[in-house]
Each structure stands twice: as C-alpha cells, then as structure tokens.
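J.: Sharing a structure with you now.
Throughout, read-outs are computed from the coordinates displayed, never taken from laboratory work. Fair warning: this is a prediction, and the values are worked out from it, not measured in the lab. All Cβ positions, even for glycine, are placed from backbone atoms using ideal geometry, and neighbour counts span all protein chains on display.
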Amino acid sequence: MSRNGKERRGVYRGERLGSSEDSRALIQGKEYNYVLQIGEQDEEILGRYSDLLKQGAAHFAQVYYNYLHNNPETADVLFAFERSGGCIGDLVRSQLRQMFGIIDGRQDDSVSVKLAEIGRIHHEQDVRPVWIVGAYRLFLDHLQEVVLRSNGIDEADSGILGSALTKMVFRDLGMINDGYIQAATGTLPREPVRIPDRHDTFSDLMDNIPYVFWSYDVEQKNITFISHECGITDLSAESQLPCICLVRSEDHARLLSSWRRALNGKVSHIMVKAVAGAEGKRWLHYAFYPFHNRHNRILRVHSVMHDMRDLPNTAQQGSEMPVLDELTQLSSRAVWLEHLGVILSFCDQGKYERLAVIILDIDHFNIYNDALGYTVGDELLRQSADRLRAVVPDASNLGRLGGDEFGVVIPLTGKRNDDGSQTASAILNCFDAPYHVAAKDFCLAVSAGISIYPDHGSDADVLLKHAYSALHHADLAGIPCQVYDPGRNVNPVEQLHFSGQLCHALENQEFELHYQPQVEAQEARISGAEALLRWQHPGKGLVFPARFISVAERLGMIMPITDWVLITALRQCRRWFDEGRSVPVAVNMSARCFQSPGLFEKVERALIDADVGGEYLEIEITEATLMTDPERSARILTRLRDLGVTVAIDDFGTGYSSLSYLKRLPIHTLKIDRTFIFDVAEDKHDRAIVQSIIDLGHNLGYKVVAEGVESDKAWSMLNELGCDAVQGYHITRPLPESGFRDWLGKNRISIDTALDS
C-alpha cells in the first residue's frame, strides 16, 4: 500500500533515475518484461480496452476495502498510519490508482522505478509481501471476471487480453516484492566500527558539552538513563523532569505543558528561564522526543536540556520574540496554544474540572476584503478583537488564530449538561451590533465550534481539531454554534468498513427498530412511542445510528433507510392496533429527507400501505433542519398537516430558530433537549430555561415533551412546571419490538384503545 505523500512524489515522477537503487530497478524491469514476454501486442490490447476494464473500479474498491479491514493485521497497519497523521482514504486510493495503472499497459522505465520504490515503502511501513500477494490475487480475479462478463470485448481478443493482464499483474507484484527485499537486506546490521576506549571517549565528550540527556520509560514510569551532570547542580533521577528544580517557578506550568505534549506523542520544544543565581539571567532549552513502536504506542520519551548560559545573544532574542498578534494585539496562535496547554496542566492538578475550547470564524469574511479592501477588513478584525476582550474574562484565554479566526478557552462548571453552548452564545452576541468603518455600517455573522475537556479529549491538538470539526458542521448546518459530536466523526477505518457493508444492510434485513414510549406527565398514560433505528451488524453486534448515519448520508443511503423506517414503524403501529393497543409513532427525519421533493408522496403512500390515519404519525425534525429554508419548510409542514400528520421540533433549545417563523408554522410539539433535563430538579438555571420553553410552547399552542428523564425527581419537577409528556430511561430504555410489546402488555391499563379503523 503506497503512501502518496509529498516526500514520495518526486520518486513517482522518476526524478531519482540514476541512483544505484533505481538502476537496479531498471534492469529488473527489463528482465521481467523479457521473462514474462511482455511486448507491444500486450500494450496495444490493454490500451484498446482500458476504458472498459476500468468501469468495474468502484466494485473492486469495495472488495479491496473489505479485504484490508477484515484482516486484523492490515487493519492494524492502517490504524497506525492514521494515528501518525496520515489519511487512510488517500493511502487506499493511491494504491488503487497504482493497481489500475496495470490496465494502461505501460512499460517505460519510470514504472519500474516506481514499483520498486513502493516495495521499499512497504518495508518501512511494515506492509508484508503476503498481504500484497493477496491483494493482487483479488485484483486478478476481478479483471478476469470483467473480461469474461463484458459484452464489449471481442471474443477473439478475450484470451489475449486475459494473458496480458496476468503478465502485468505478475510484473507489478514481482517488482514491488523485489523492492521490499532490497530494503530488507539493505537494513541488515553491519559489523560495528571498533573504536578503542570508546566508553571513555564518550564520557569525556558528555562531560564537556552543556547538555543533559535522559530517557523516560512511559510504561514503567521511571527514568532509565541520565547523562553526566555537565556542571549542572541538583540533578536527580527521582522525577519525570529531573531538571525542573533549575527552572524558575513561574515557568513550571509551561514546562509541564510541553512535557505533557510529549507524553501524548508530540515532539515538543520550549525555552524557559532558570532560577536566578549568582550568574544572573540564564536560559534553558528543553526538547522532548517521543519514541513509538510499530503500532504507534508511545514507549519512551527521549529528552534533551540545553543550558544556554554561554549563548546570551540567542537567549535574548528568544525572550524578545513577539507574543501578540500585530493587528489585533491578541495572543498569537502559538502563544494561545501554549496557554491552552498550561490550562490543561492545571486541569491535571485539579484546578479546573472542565474546559470549553471555542473556535470563532467570521462568515464569508473574504467578501469584505475583496470588495472593500484590506484596510476595511483589518479594521473589522480590530473591532472584533475589542468586542471579544469585553466579554472574555481573562485576556490570556483569547487569541487570534489567523485570518478571521479567533480562539477562546473558558472554564466550565462541573455539570455534565454545561457544554459551553450558552457561553458561546453570549460571546456570539457581542457581534450583533453593527460595525462602523469608513463612514459605513456593516453587520458580521460569526460561527462557533466547541470542544470540551475532558469529554472530547485531553490534549490541546485534539481539542483544537475537534473544535474545528464542530465549526465545520455548524457551517454545513447553517447554524451559529455547534458542540463537537463524536458521532459525526466516525473513525475513517470504520467509515471505510461500513461503506462497503451499509449498501447491503437493507437487502439483508439487518436494520431493526427499537421503541421508546412517551408518557403523559400528569396521568401517566402512554401517548406515543419514538421509533429509533438500530443496525444489527453481522460482526459488530448492535450499532447505534451515531456511528453509521453520517456514512449513509455520504453514500446516498439515507433516503432509502428513512423510507424503510417510516414504512416499518407505521406497519408496526397497525399491528399494535389489531392487538387492541393504540400507540402513535414518531419518526426522526434528516434535513436531506425532509427537504426532498417526494416527501409528501412517500408519507401518503406509507400511511395507505399501513392502513392508519395521519394522526398516528409524528415526524421529528431539528430546529436547524426547519430553518435551512423556512419558506419551503412552511409549505412542507402545511401539506403534512393536511394529511393529519403532526410535526415535533426535536432537541429544542439548542438551535437558533426564529420565533417569528416558528409561530406561523403548523407545528404540534416541542421536545426539550435532554441537556436541560439532567439537572432540572437541582439546578435553578436549568429549571428556569425549562419553564421558559414550556411557557413558550403553551403560549404558541404546542404540546411540550421532555427528553432524557432519568429520575423520579426530574419527572415530578417537570409535572410541577406543567410539562405535557416525558420520555427517558426512568420510564424505559428503547426496546426492540418484541420487548416493547411485552412492556405495553404490562402497562395495558394506561393505553387508549380508541383508534379509528
């Protein structure tokens, strides 16, 4: 599996022709062409049928993905590659491009060099030759099947074409494995150079350079080696950082933050001031280098400390490096990230329990620069920085990350429902007032992405990556603020694995519905049930939607899956009625499904198919879905209302819907997001928010349902606040159809059986 990285592109273009390794590859390439009798006839017939043979590429890609991920050893290599910063998708696509290059029939020298180099890369990445043999066996089977089944290949050519393909597969396979063997034999240990008194020479050398070296065993949690003291006092092996006693106390947190990055697998450097002494100002430079094994597991951290007392000019330059962004006078990106690391080290010490990392981005800012010039754009950024200073309590927690992006770090309360969205909303409000620049007024729209420590990571780089991911999803959804959702970021390996299997899940009847009842808060009567999708995966067991829905959306599978959910839920509703139980069902619908042109017709057909009235179906959509295109949403809702179908706004309170639109839409239910319900019995702020939503819903004529009810106290409080219905684990977890039927039987006295047939 070749890595198509920047460092390898020159090799693939043949820029290294002339080296001894490449010369050997050229000779071997000619030898393979001779032994396999690859000639112009093979090149001509492959070129003639090239386009036809490539038509099956998509099918083979699926077969190849499954081959890689079903083998634990190859999957392990892919995981390691991903953890080292590589993109698995790019890696696999590069390999597929190389394999399908066979079809072009090229025999020039650059191909031979490229194939040998791929073999050497395989050796570096621990890709064993036997795996490549298996991959090419699959590829040859695929090509031969294409030749046999295609109507576009002349019968007289099929044998010649099959032979040409076999030759090219053998040539590529042989050249790659030859490259692997060259790399393997080239790395065999040689006889070491024998130097007399080498140990004494090394000791003398170490005694006379201003460095301290040590190696820390991460698993054993101790230092296994320390070099000579080099004249530095108070050196011991009792801590992870044996030289920390030399660093002034004000810089301890920064040094620990840098060390923490190394323990998380990142190379880290930092320069700090030494404790003041008779020698005056003295600087220490630390460098930490993590050592990984082939599975990307961190085994040791090798460290170097450089005493820079003999380099005053360098130290002085380091101390005067700019730490503020020149335009906004906020912290620069590097300083802000270092400060984030310091705050995380405080978290390790118990000072903070939770943090929100917020990335702010001014929407379409390039328009202002392009249309009005950079002078106006710069002034808008300066004024934005001033507004942020006014609302962010600690200026050191605020930085300009580049362009029109700002970063904010905010300590949160220990409550699990505090996800930073309310804090982000307060920050976003500072951008609402118009900007006055160059005698004109401007309005800026700003988006925010949020990640939470420790929920979404404990490392600064991971938290930043997840905040950017949340910002990206906020932009896609057209909403101002989004908290990172791990379900939206499926592991790339798992994503590739699911993409090959999801297409067959429907036809193999692997999907099933679980049901969670809604109960009237005051009378404890069952008023309906929400249908929740589950995938009974043949290898992974029960898989929840968060892990595969995003993949289904990318593959274009979300529409047929939603159709199946709709039809299955309504048919089940009818079966319950036939057994004397009237339970309306609620079905979740994504933005793409809700906005699809044929939604009304699909719903109508599903109701007719199940033989139930529209009043026994409720469609749940989010505020973001509703506000993507409010006018279109209004037309869709009106048509659904004409069928008798009700609509619920799911996760209400987390979005930013316009009340002026909301009051004009034919909505039936507001479902309060579970984050406000967790602590509603104890937290007065949550209680005030829930009370406001209930009052708003009732004033607009809506039914209000609380999700995530997990205790009797929460139910009692919601009843007291006037909530109409509740749903959550305190009543029951979502149950498969048979279990839900049993549950209904035990609670039969609370079921209204007045369904109109």
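J.: So, R0 is 45 Å and r is the distance between the beta-carbons of LYS540 and HIS436; what FRET efficiency does that work out to, to 0.05?
T.: The calculated FRET efficiency here is 0.20.
J.: Here is a follow-up. Using a 10 Å cut-off around each Cβ, can you sort SER94, SER268 from fewest to most neighbouring Cβ atoms?
T.: SER94, SER268
J.: Would you mind ranking ILE38, ILE358 by Cβ crowding within 10 Å, fewest neighbours first?
T.: In increasing order of surrounding Cβ atoms, one gets ILE38, ILE358.
J.: Convert 25 °C to kelvin, take the viscosity as 0.890 mPa s, use the Kirkwood radius over C-alpha pairs of the stretch 333-488 as Rh, and evaluate the Stokes-Einstein diffusion coefficient in µm²/s, rounded to a whole number.
T.: Translational D for this selection: 154 µm²/s.
J.: Restricting to DSSP loop positions (anything but H, G, I, E, B) with no more than 13 other Cβ atoms inside 10 Å of their own Cβ, which trypsin sites (Lys or Arg not before Pro) remain in the stretch 546-623? Please list the in-between numbers first.
T.: Values: sites: ARG547, ARG554, ARG571, ARG574, ARG575, ARG581, ARG592, LYS602, ARG605; in loops: ARG581.
Hits after loop and neighbour filter: nothing returned.
J.: How far, in nm, would the chain grow between GLN55 and ASP386 when pulled straight, counting 0.36 nm per residue and subtracting the alpha carbon separation?
T.: On the way: separation 331, 0.36 × 331 = 119.16 nm, distance 5.74 nm.
Separation in residues times 0.36 nm, less the Cα-Cα distance, equals 113.4 nm.
J.: List the pair-distance distribution P(r) of the stretch 508-734, using every Cα-Cα distance, as the percent of pairs falling in each 10 Å bin from 0 up to the bin containing the longest distance, rounded to whole percents.
T.: Going from the shortest bin to the longest, the percentages are 8, 32, 37, 21, 3.
J.: Measure up LYS465/LYS540; LYS540/LYS713; LYS221/LYS540; LYS54/LYS266; LYS221/LYS351; LYS351/LYS671 against 32 Å on the Cα-Cα distance and list the ones that go over.
T.: Values: LYS465/LYS540 28 Å; LYS540/LYS713 36 Å; LYS221/LYS540 35 Å; LYS54/LYS266 42 Å; LYS221/LYS351 24 Å; LYS351/LYS671 36 Å.
From the list (LYS465/LYS540; LYS540/LYS713; LYS221/LYS540; LYS54/LYS266; LYS221/LYS351; LYS351/LYS671), the Cα-Cα distance tops 32 Å for LYS540/LYS713; LYS221/LYS540; LYS54/LYS266; LYS351/LYS671.
J.: Hey, fewest Cβ within 10 Å first, where do THR562, THR375, THR732 land in order? List each step's numbers first, then the result.
T.: On the way: THR562 23, THR375 11, THR732 16.
Arranged by neighbour count, lowest to highest, THR562, THR375, THR732 become THR375, THR732, THR562.
J.: Now for a separate question. How large is the translational diffusion coefficient of the stretch 342-388 in µm² per second when you combine the Kirkwood radius over alpha carbon pairs with Stokes-Einstein at 20 °C and 1.002 mPa s?
T.: For the chosen part, D equals 160 µm²/s.
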